[in-house]
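Remarks on the structure that follows.
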Amino acid sequence: MKINKHEINLREKIYDVQKRLETQTVTIGKMSVRLTSALVYFCCLICAVFVWINVTEDNSVKIIRRFDNVSVVLEGESALLKKDMAIFEIIDKSVNVTVSGNENKVNNLNDDDIVVYVDVKNVKETGVIRLDAKVKGIGKLETVTSPSSIKVFVDKTDEIDVPVVVNKTYSISSDYSFDVKTDVDTIQVTGASSVLEKIKEARVNAQLGEITGSSTFTAPITIVDENGSKITSDYIVPSVANVIVRVDVFTDKTVPLVVSYKYGYINPKNISIKLSPGEITLRGDPALLAGIHSVVLPEIDETELTADKTKVVDVVLPEGVTDVNSPEQFIVEIELVNTTSASIAIPANKIKVVNAPSGFKYNLPEEIVLNCIVDASSAKKVSANNFNVEIDLSALSDSDGDNVYEIMPEITVKDANFTLYPVKVDEVEIKVVEVED
């Protein structure tokens with residue numbers, strides 16, 4: 001090892017100290033004791049160590065080492081977020097770092113030891129700004145960064161709803177029409193306020209070609225400004241990248257509204273039906289509409305018709321179709337034609353009882369009276385033989401005991417070639433008595 005003048009001077013001083021110590025005495029109490037050789041050598045050893053440390057420090061070689069393309073990181077982002085701000089881009093993404101100092105310490109550095117950062121917690125302005133580059137992880141070594149400051153883009157953070165618009169090119173037969181819908185009407189876009197304020201819509205470019213039928217597909221969205229120009233920016237993030245597009249091909253078809261009857265007791269010549277409106281325009285897939293020739297209104301219960309009547313009804317459309325410009329209400333005007341009312345007595349022996357509980361007997365009234373509507377020209381033909389009357393006792397149990405019940409009879413009309421149906425049927429009073437053994 002190379003020894004300089006300073007080291008030689010230190011060694012000479014140590015030798016001089018050694019000689020002096022050998023001739024010195026130490027007074028302990030009233031005694032004077034000459035220092036031994038061993039103690040002298042120990043003192044010299046301490047001095048030698050001190051000399052070695054000084055020589056090592058003073059004679060260490062200082063070197064300079066460069067670390068290229070060290071990535072820049074952010075610190076203090078949480079404080080920035082509390083102000084609804086964010087760093088959207090580190091423009092100077094890396095720097096070169098020059099480290100100088102003790103040769104051993106510098107050479108022991110790894111690339112991962114060096115951290116270059118910018119502190120953003122005190123940032124208040126928006127736009128492209130410069131912040132000082134700082135280095136940590138290198139102890140007390142001296143550093144120089146190039147560049148010395150870092151450009152970043154900072155802005156307010158926000159979120160907006162953006163409408164989804166389909167820009168379509170197509171051809172289609174004049175007999176058909178079509179509609180295009182997406183699975184969402186709007187999307188959310190988050191990011192830098194200065195970019196968000198330029199957004200007009202999320203556009204879907206749909207090249208549909210010749211449209212011959214309905215279809216569904218997935219298409220990407222493009223964020224555009226008011227001029228239709230694409231906004232390409234890493235500073236914004238849409239909530240979705242793609243949407244589902246549904247192309248519905250349809251045609252319109254007008255069909256009549258028709259009525260139906262619950263029991264079929266009314267002869268068409270004895271009833272007049274007026275519908276308002278009398279028809280409905282349907283919209284749907286051409287193949288589906290081809291099989292639809294009318295729309296049936298909710299059925300009419302004849303037993304509720306004792307006189308002329310006007311009803312407001314709802315229309316139930318066939319599955320897969322919609323109506324076009326339909327009114328809010330559909331009105332059915334019912335007029336009874338050439339009918340009259342009649343009362344028919346049904347004797348007890350014409351009444352059928354079913355499901356009577358065991359161990360009990362029942363007493364029926366001598367007769368029940370049925371009110372009915374009948375074709376005026378056939379009123380004299382009506383008798384008890386035109387009706388089936390049945391009373392079901394299944395609702396009673398063996399534990400009911402003696403009691404009187406009122407039960408609604410089930411009445412059906414036997415085949416007739418004229419209008420005839422019962423109305424205003426009353427409950428029948430039946431006495432049930434337990435049979436004694």
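The values are calculated or read from the model by the stated rules, or taken from the named source; none is laboratory data. These figures come from a predicted structure and were not determined experimentally. In this analysis, Cβ positions are derived from the backbone assuming ideal geometry, glycine residues included, and neighbour counts consider all displayed protein chains.
Cβ contacts < 6 Å: first residue closer than 14 Å to D375 by Cα, restricted to segment 417-437; second residue at pLDDT 85 or above and among the acidic types (D, E), any location; separation 6+ or different chain. Result?
The qualifying pairs are F418/D375; T419/D375; Y421/E302.
Which numbered condition in (1) on the phi < 0 side of the Ramachandran plot; (2) without any contact (Cβ under 8 Å) to a residue 60 or more places away in the chain is the only one that K361 fails?
Condition not satisfied by K361: (2).
Any chance segment 117-136 includes a residue that's more than 41 Å from the chain's Cα centre (by Cα), loosely packed, with under 14 Cβ neighbours inside 10 Å and touching a residue at least 24 places away in the same chain (Cβ under 8 Å)?
At the first step, the residues of segment 117-136 found to be more than 41 Å from the chain's Cα centre (by Cα) are 132-136.
Add one more test, that the residue is loosely packed, with under 14 Cβ neighbours inside 10 Å, and what stays is 132, 136.
Filter once more, so that each one left must be touching a residue at least 24 places away in the same chain (Cβ under 8 Å): none.
Looking through segment 117-136, none of the residues is more than 41 Å from the chain's Cα centre (by Cα), loosely packed, with under 14 Cβ neighbours inside 10 Å and touching a residue at least 24 places away in the same chain (Cβ under 8 Å).
Test each condition in (1) over 20 Å from V374 (Cα atoms); (2) in contact with a Phe, Trp or Tyr (Cβ under 9 Å, 6 or more places away or on another chain) for T303 and report the one that comes out false.
Checking T303 against (1) over 20 Å from V374 (Cα atoms); (2) in contact with a Phe, Trp or Tyr (Cβ under 9 Å, 6 or more places away or on another chain), the one that fails is (1).
Name the residue, out of T182, T186, T190, that is closer than 30 Å to I90 by Cβ and modelled with pLDDT of 95 or more.
The conditions single out T190.
If you scan segment 280-295, which residues turn out to be out of contact with any helix residue (DSSP H, G or I) (no Cβ under 9 Å at 6 or more places or on another chain) and surrounded by 13 or more Cβ atoms within 10 Å (Cβ to Cβ)?
Initial filter on segment 280-295 (out of contact with any helix residue (DSSP H, G or I) (no Cβ under 9 Å at 6 or more places or on another chain)): 280-281, 284-295.
The answer is I280, T281, G284, D285, P286, L288, L289, I292, V295.
Kindly establish whether I368 is of a type in the set (V, I, T) and in contact with a Lys or Arg (Cβ under 6 Å, 6 or more places away or on another chain). So that I can check it myself, show each step before the final result.
Numbers: of a type in the set (V, I, T): yes; in contact with a Lys or Arg (Cβ under 6 Å, 6 or more places away or on another chain): no.
No, not satisfied.
Here is a list: D426, D402. Which entry is modelled with pLDDT under 90 and either surrounded by 13 or more Cβ atoms within 10 Å (Cβ to Cβ) or in contact with a strand residue (DSSP E or B) (Cβ under 7 Å, 6 or more places away or on another chain) (or both)? Break it down stepwise before answering.
Numbers: D426 fails: either surrounded by 13 or more Cβ atoms within 10 Å (Cβ to Cβ) or in contact with a strand residue (DSSP E or B) (Cβ under 7 Å, 6 or more places away or on another chain) (or both).
From the options D426, D402, the qualifying one is D402.
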